[in-house]
Ligand code: G4P
């Protein structure tokens with residue numbers, strides 16, 4: 001194996017998907033704590049401790065106590081390099097989350113076992129499905145009264161349409177939560193509550209029929225033995241290939257807050273989840289262990305550090321080795337970028353990166369010339385695909401109070417649009433810019449950033465637009481007729497794509513019926 005292939009083989013890049021409040025932040029913190037990346041639990045989330053998370057850069061996040069922006073955390077565990085990509089759980093930021101999921105090789109799905117499969121989980125799982133991303137499932141909060149475990153598995157199978165293979169099985173719940181039975185290893189991990197308990201302290205009892213279990217908790221173990229009969233009959237044995245194909249998910253049970261079940265998940269990610277995979281780069285498939293460096297940008301964040309007022313492009317390395325000081329080519333602009341100040345994301349700080357391999361995320365500081373979806377290489381013309389934009393569902397028209405600030409407004413919207421904070425449309429007729437978002441909170445963030453970062457006092461107003469579709473047509477003459485006929489409904493987005501803005505669904509349907517040769521797209525990939 002080449003040195004690069006060895007580095008690739010020991011990397012795992014994953015994201016956590018969950019509905020808000022299922023326990024993603026808690027679990028992230030325990031993963032970092034457990035791996036030794038952070039010294040003290042309670043540093044990821046600042047609500048209680050007064051400190052703020054590595055991921056809480058923006059003022060608005062602090063005010064609301066939600067994690068708006070995704071961040072990246074790298075840590076070592078069992079001689080592997082783990083890249084954990086944080087995804088905002090709040091539904092208003094799902095666009096950002098979707099894009100982060102294009103940069104992972106596997107995902108960890110956290111479910112609040114008291115609630116089961118929730119709306120946001122469904123959406124996120126559907127995004128994972130676009131690329132058949134393998135998924136590990138964690139049923140959380142067994143220290144509370146939760147729903148029947150078999151029922152939960154059934155719900156995951158029927159609602160999320162993915163086979164479940166339980167790897168552990170809970171013994172009791174709430175006040176009588178005793179631990180989990182590891183089905184593959186035939187051993188019981190005993191539960192003892194405690195937030196800062198060291199994971200290595202877990203007591204293990206071998207064998208489900210061990211008489212000690214009957215002494216310790218006769219009622220619960222009897223019930224578990226009965227349940228296990230049913231589980232064996234009703235569920236699927238773990239099948240690595242089905243997992244890697246995204247068709248089956250190994251399921252673990254535990255309690256994130258009590259640090260219980262966390263080690264098993266990390267082990268599953270290392271033992272089963274895929275190392276960085278090959279990627280489609282339009283002209284060819286790019287393998288992770290190729291000698292030459294390549295990668296793509298899946299996220300841009302501006303002004304992460306208010307002291308520096310910088311923009312960081314988050315680039316996933318797809319092949320080869322990145323070394324500090326090397327030249328990499330920005331393929332859209334056909335320009336070399338000197339990669340001296342590129343950063344990596346350790347759990348506790350941003351650090352200068354010396355080298356990085358496929359699966360790693362590096363941060364490229366820039367002044368606004370890098371966009372989401374941009375590809376980089378050592379020179380070869382590659383164009384990585386698969387970064388989705390989703391048709392926005394909410395719209396606002398933008399006005400400014402001080403017309404002298406028009407230039408700043410345009411610059412701000414251009415940059416925020418490139419960053420993916422909001423989608424920006426310029427109507428073919430009419431002067432006001434239109435903003436499109438998936439969630440209302442996006443508008444608030446944009447408004448406050450226009451004010452703070454660009455000095456623009458903008459007014460956002462409701463407008464009579466209900467839905468958007470990107471349009472394309474192979475027949476250029478027909479497209480020109482279409483543009484002329486429907487000019488009042490058409491706009492161009494930040495990347496100059498023609499977009500149909502419809503006041504309501506019926507109008508959209510009529511337009512589609514009248515122009516059968518014009519294609520209306522609900523998503524577009526970054527060009
Ligand atoms: P999120 O990032 O997915 O939104 O969830 P987060 O980790 O913030 O967890 C949401 C709530 O669930 C938190 O309580 C957290 O303490 C709790 N929680 C997480 N894991 C467990 C678990 O295993 N058992 C129990 N019983 N609770 C768990 P909160 O009161 O909303 O927040 P906080 O004020 O305690 O931070």
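The values are calculated or read from the model by the stated rules, or taken from the named source; none is laboratory data. Only a predicted model underlies this, so the values are computations on that prediction, with no experimental measurement involved. Cβ: placed from backbone, ideal geometry, glycine included. Neighbour counts: every protein chain shown.
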(request) Could you please find all residues in the stretch 138-171 being crowded, with 18+ Cβ neighbours inside 10 Å, part of a loop (DSSP other than H, G, I, E, B) and either within 16 Å of the ligand (Cβ to nearest atom) or within 22 Å of the chain's Cα centre (by Cα) (or both)? (result) 141, 142, 143, 146, 162
(request) Report those strands (runs of 3 or more DSSP E) wholly inside the stretch 361-419 carrying at least 1 residues which are in contact with a helix residue (DSSP H, G or I) (Cβ under 8 Å, 6 or more places away or on another chain) and touching a residue at least 12 places away in the same chain (Cβ under 8 Å). (result) 388-390, 394-400
(request) Within the stretch 110-137, track down each residue that is out of contact with any helix residue (DSSP H, G or I) (no Cβ under 8 Å at 6 or more places or on another chain) and either within 19 Å of residue 26 (Cβ to Cβ) or surrounded by 23 or more Cβ atoms within 10 Å (Cβ to Cβ) (or both). (result) 112, 114, 115, 118
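Out of curiosity, is residue 471 under 27 Å from residue 300 (Cα atoms), more than 25 Å from the chain's Cα centre (by Cα) and assigned to a strand (DSSP E or B)? I'd like the intermediate steps shown before the answer.
Values: under 27 Å from residue 300 (Cα atoms): yes; more than 25 Å from the chain's Cα centre (by Cα): yes; assigned to a strand (DSSP E or B): yes.
It is true that residue 471 is under 27 Å from residue 300 (Cα atoms), more than 25 Å from the chain's Cα centre (by Cα) and assigned to a strand (DSSP E or B).
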(request) Please verify whether the stretch 445-467 includes one or more residues that are assigned to a helix (DSSP H, G or I), over 29 Å from the mean Cα position of the chain (by Cα) and over 23 Å from residue 96 (Cα atoms). (result) no
(request) Show the residue pairs that are 6+ apart or on different chains and have beta-carbon atoms under 8 Å apart, the first residue being within the stretch 236-263 and modelled with pLDDT under 95, the second being more than 15 Å from the ligand (Cβ to nearest atom) and in a helix (DSSP H, G or I). (result) 236/242
(request) Residue by residue through the stretch 101-124, note down the ones that are within 14 Å of the chain's Cα centre (by Cα) and either assigned to a loop (DSSP other than H, G, I, E, B) or within 15 Å of the ligand (Cβ to nearest atom) (or both). (result) 102, 103, 104, 105, 107, 108, 109, 110, 120, 121, 123, 124
